[in-house]
1. Can you say whether Leu103 is under 19 Å from Ala22 (Cα atoms) and modelled with pLDDT under 95, as far as the supplied structure shows?
2. Out of the range 62-84, which residues are in a loop (DSSP other than H, G, I, E, B) and either touching a Leu at 6+ places or on another chain (Cβ under 7 Å) or within 17 Å of Leu9 (Cα to Cα) (or both)?
3. So, in the range 74-89, of the ones that are surrounded by 15 or more Cβ atoms within 10 Å (Cβ to Cβ) and farther than 13 Å from Val57 by Cα, which residue ends up farthest from the chain's Cα centre (by Cα)?
4. Restricting the first residue to the range 92-104 and requiring it to be assigned to a loop (DSSP other than H, G, I, E, B), which pairs with a second residue that is among the hydrophobic types (A, V, I, L, M, F, W, C) meet a Cβ separation below 7 Å and a spacing of at least six or different chains?
5. Can you name every residue in the range 1-56 that is without any contact (Cβ under 8 Å) to a residue 12 or more places away in the chain, in contact with a Phe, Trp or Tyr (Cβ under 9 Å, 6 or more places away or on another chain) and either small (Gly, Ala, Ser) or not in a strand (DSSP E or B) (or both)?
6. Does Val59 satisfy the condition of being surrounded by fewer than 18 Cβ atoms within 10 Å (Cβ to Cβ), under 10 Å from the mean Cα position of the chain (by Cα) and in a strand (DSSP E or B)?
7. In the range 23-37, is there at least one residue being closer than 20 Å to Ala99 by Cβ and of a type in the set (Asp, Glu)?
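The values are calculated or read from the model by the stated rules, or taken from the named source; none is laboratory data. What you see is a predicted model; the values in this text were computed from it and never measured. Using ideal geometry, Cβ is built from the backbone for each residue, glycine included, and neighbour counts are taken over all protein chains shown.
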Amino acid sequence: MARLKLLELRCFKSEDMGGDEAYITVDGSKVWSIDEIEKGETASLRSVPPTAFSGSVGVELWDEDTGLFDSDDNLGKMTVDESLVGEDEQDFRFDQDGADYLLIYVVLADQ
């Protein structure tokens, strides 16, 4: 078993003009969201509790859209593997749908 600890999300380019209403899911469950994040901003994710997992876990970044015919935009997805336990901080670039974000995270041993 391992635990995924999200540390921060850096926005280099938002998908929407004026910023994104971003949220992160881990294995399909929303674990974090923000009303607006814009180019040049960094959001701390240290208050998000670690997620326990075995083997691997999927992480996705979304931009929430409102409106009847406007579904949320998937800005990218990644898979985190348990083999990263004990490694230094890791990062992943979410760059789908015209966005550019960097997620910093670490994989911890389960206690």
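1. no
2. Once the filter is applied, which keeps residues that are in a loop (DSSP other than H, G, I, E, B) and either touching a Leu at 6+ places or on another chain (Cβ under 7 Å) or within 17 Å of Leu9 (Cα to Cα) (or both), the range 62-84 yields only Glu64.
3. Only one residue fits best here, namely Asn74.
4. Gln96/Leu75; Asp97/Leu75; Ala99/Leu75
5. Across the range 1-56, the qualifying residue is only Ser47.
6. When the stated conditions are applied, Val59 does not pass them.
7. yes
For (1) modelled with pLDDT of 95 or more; (2) in contact with a strand residue (DSSP E or B) (Cβ under 7 Å, 6 or more places away or on another chain), each residue gets a yes or a no:
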| position | (1), (2) |
| --- | --- |
| Ile37 | yes, yes |
| Glu41 | yes, yes |
| Leu45 | yes, yes |
| Pro49 | yes, no |
| Ala52 | yes, yes |
| Glu82 | yes, yes |
| Gln90 | yes, yes |
| Arg93 | yes, yes |
| Gln111 | no, no |
